[in-house]
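K.L.:
Structure below; questions to follow.
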Amino acid sequence: MNNNEKLPNEMINYGQNFEKRLEHLSPFEIKNDLISYAKESSKNSSTMFLNAGRGNPNWIATIPRQALFLIGQFGIQDCIKNSNYEQKDIAPIPEKKGIADRFMHYLGDCMVSKFLRKAYAYCVTKGIVGDDLVYEWVSGIIGDQYPNPDRILTNTEIILNWYLKQEMCANSKEFTKYDLFATEGGTAAMCYLFNTLKANKLLGHGDHIALMTPIFTPYIEIPNLKEFGFKVTNIQASKLTKDGYHSWQYPDEELNKLKDPSIRVLCLVNPSNPPSYTLDERTHQRIAEIVKHHNPHLMIITDDVYGTFVPNFKSIITELPFNTACVYSFSKYFGCTGWRLAVIAMAQKNVFDASISQLQTGQRQELHRRYQSISTEPDKLKFIDRLVADSRLVALNHTAGLSTPQQIQMSLFALYALLDSENTYKNNMQSLIKKRLNAMWESTGFKLLDDSLRAGYYSEIDIMLWAERLYGDDFAKWLQKNYEPIDFVIRLAKETGIVLLNGSGFDGPLWSVRASLANLNEEDYRKIGQCIGKMLEEYATHWYPQS
């Protein structure tokens, strides 16, 4: 059958015991089985294999990439011109003196050259020395030196601070300069943060943390690992509109759980994954009040990778810079998941450093010994520099840091956004996602509420809510009694060739499904929406003779 045909009336029983076992797996592990089912379905019928389980975007930002390659071409030619080696395949490392002038003479009049001229002028106007900037670009792309400083290159850190102020902090006048650590994507940032929190006695086995759920599954799974074993409290986005629809925001009774001072760390993804909604202003203010009056030592990790898909996005680090470590990844917005580009941002005065200074004497002595090989004053080593050291087991701190070509690509992406005064790229990205989202929802037959806080990179659809709305409470109860929640995504894969993830794996509603709006085309999402609506209709058709 194709994606537009009605599903068969006789429903295959896929086995509740089998489905219960699957529900204990991460949705990203279940995904592999679903892909297998969907591919088999597309082989044996006229269905089209559509994988909306992946968050990997199907677009790329072209000009910043072309700029990287153009700088690289200049750098190689410049090194060769200055070569005094007899061998033609060996050249000296870049020469810094006068490199900016040589670069400006090298650039032509193409679109990429114009971007680089503007980027150069923008940086120099704001105080960066021209030779320093171009030398960092060229040397960084050629990759002839270890990262220096190891935490992040000097001018890259300045540029990324400008970018974070614009994109994560809505150009707030109260912007705090951040210390940055360039990491191998947001996933590495997460690993480094949890490991260094533990290594520095800020989180111990069995300590209490909170998660704002639904949330990206590693935040659920990492605390359960034996080496961490944290006690976890979920802060659930359970708020409903007056008409009973999900707003994916947090009621006060959930946020008030953060008043418990035993909660050491709060983790959130903002905009959320999978609902894909940013925190509203009321939630920002409520968390800030709770931190101020009830839990001033709360450490917050906010993962803000999808912030650029929301107009005027504001990270919680803007409200609570002292308490927050912000993880930002370039991967989704610029279509560069393969580059592995992210930063951890922390205010120069922060709760992490303050908490280390308050540790017991024996704990501080242990940490003194841990870091004494890399600092004459290890007690004064900042938490963010401990992250760098711990990322290389301390002993390899002298060769730590994200590869320099990756850092230069990151700075060029940032400059591209900073120079986009008309927000052309951002508007195009947000429009692209919105069209796909609307195409999917319109064809489901379900209602999608207008909401300026929605990023729309993913969409979480609560199937049980729509079962009740469209077919009534008796049908919803029958559905819950006779099928496992995961049956919906298994059936979609096996019968229509479509892969979605189960929302329950993200601590969302049990019968919810998660679709990525990033990696397929608009017409594909229209087909997916049709199949979601028809799948629910098929359950109802099977129920009617028994009701």
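The values are calculated or read from the model by the stated rules, or taken from the named source; none is laboratory data. Not measured: the values here are computed from a predicted model. We place every Cβ from the backbone using ideal geometry, glycine too, and count neighbours over all the protein chains shown. These area figures cover heavy atoms from the full protein model, side chains too; ligands, DNA and RNA do not enter into them. Shrake-Rupley method; radii C 1.70, N 1.55, O 1.52, S 1.80 Å.
K.L.:
With respect to Ile71, determine if the residue is farther than 30 Å from Arg436 by Cα, open to solvent by 30 Å² or more (accessible area, probe 1.4 Å) and in contact (Cβ under 8 Å) with a residue 12 or more places away in the chain.
P.N.:
For Ile71, the condition - farther than 30 Å from Arg436 by Cα, open to solvent by 30 Å² or more (accessible area, probe 1.4 Å) and in contact (Cβ under 8 Å) with a residue 12 or more places away in the chain - is not met.
K.L.:
Next question. In segment 350-378, what residues are among the small types (Gly, Ala, Ser), open to solvent by less than 40 Å² (accessible area, probe 1.4 Å) and assigned to a loop (DSSP other than H, G, I, E, B)?
P.N.:
Ser375
K.L.:
At pLDDT 95 or above and within 18 Å of Gly244 (Cα to Cα): is that true of Asp462 in this structure?
P.N.:
Taking the combined requirement at face value, the residue satisfies it.
K.L.:
Scan (1) out of contact with any Asp or Glu (no Cβ under 7 Å at 6 or more places or on another chain); (2) in a strand (DSSP E or B); (3) open to solvent by 30 Å² or more (accessible area, probe 1.4 Å) for the single condition Glu227 breaks and write down its number.
P.N.:
Every condition holds for Glu227 apart from (2).
K.L.:
Trp339 versus (1) open to solvent by 60 Å² or more (accessible area, probe 1.4 Å); (2) among the aromatic types (Phe, Trp, Tyr); (3) more than 21 Å from Ala518 (Cα to Cα): which is the lone unmet condition?
P.N.:
Among (1) open to solvent by 60 Å² or more (accessible area, probe 1.4 Å); (2) among the aromatic types (Phe, Trp, Tyr); (3) more than 21 Å from Ala518 (Cα to Cα), the lone unmet condition for Trp339 is (3).
K.L.:
Here's something else I'd like to know. Identify all residues within segment 297-347 that are without any contact (Cβ under 8 Å) to a residue 40 or more places away in the chain and within 30 Å of Pro261 (Cβ to Cβ); write none if there are none.
P.N.:
Once the filter is applied, which keeps residues that are without any contact (Cβ under 8 Å) to a residue 40 or more places away in the chain and within 30 Å of Pro261 (Cβ to Cβ), segment 297-347 yields Ile300, Thr302, Glu319, Leu320, Phe322, Asn323, Thr324.
K.L.:
Sticking with this one: Residues to consider are Ile90, Ile128; find the one that is more than 36 Å from the chain's Cα centre (by Cα) and aliphatic (A, V, I, L, M).
P.N.:
Of Ile90, Ile128, the one residue that is more than 36 Å from the chain's Cα centre (by Cα) and aliphatic (A, V, I, L, M) is Ile90.
K.L.:
If you check Pro271 against the conditions, is it in contact (Cβ under 8 Å) with a residue 60 or more places away in the chain and either more than 16 Å from Ser315 (Cβ to Cβ) or among the acidic types (Asp, Glu) (or both)?
P.N.:
Judged against the criteria, Pro271 is not a match.
K.L.:
Next question, about the same structure. Could you please find all residues in segment 259-296 being open to solvent by 20 Å² or more (accessible area, probe 1.4 Å), in contact with a strand residue (DSSP E or B) (Cβ under 8 Å, 6 or more places away or on another chain) and assigned to a loop (DSSP other than H, G, I, E, B)?
P.N.:
Result: Asp260, Ser262.
K.L.:
I need the full set of residues from segment 385-444 which are touching a residue at least 12 places away in the same chain (Cβ under 8 Å), of a type in the set (Gly, Ala, Ser) and at negative phi, in order please.
P.N.:
The answer is Ala389, Ser391, Ala395, Ala400, Ser403, Ser411, Ala414, Ala417, Ala439, Ser443.
K.L.:
Which of the residues spanning segment 195-212 are open to solvent by less than 10 Å² (accessible area, probe 1.4 Å) and under 18 Å from Ala354 (Cβ atoms)?
P.N.:
Answer for segment 195-212, where residues must be open to solvent by less than 10 Å² (accessible area, probe 1.4 Å) and under 18 Å from Ala354 (Cβ atoms): Thr196, Leu197, Asn200, Leu202, Leu203.
K.L.:
A further question on this structure: Provide a single number: the residues in segment 154-182 that are over 16 Å from Ala325 (Cβ atoms) and either buried (at least 23 other Cβ atoms within 10 Å of the Cβ) or within 19 Å of the chain's Cα centre (by Cα) (or both).
P.N.:
Residues that pass the stated criteria total 7.
K.L.:
Taking helices (runs of 4 or more DSSP H) that fall entirely within segment 12-114, which contain at least 3 residues that are modelled with pLDDT of 85 or more?
P.N.:
27-44, 62-81, 99-106
K.L.:
Please go through segment 469-509 and pick out each residue that is of a type in the set (A, V, I, L, M, F, W, C) and open to solvent by 30 Å² or more (accessible area, probe 1.4 Å).
P.N.:
Scanning segment 469-509 gives Leu470, Trp478.
K.L.:
Limited to segment 115-153, what total is found for residues that are open to solvent by less than 10 Å² (accessible area, probe 1.4 Å), assigned to a helix (DSSP H, G or I) and of a type in the set (Val, Ile, Thr)?
P.N.:
Result for segment 115-153: 2.
K.L.:
So if I check each of Phe322, Phe309, which one is open to solvent by less than 50 Å² (accessible area, probe 1.4 Å), aromatic (Phe, Trp, Tyr) and modelled with pLDDT of 95 or more?
P.N.:
Criteria check complete, one pass: Phe309.
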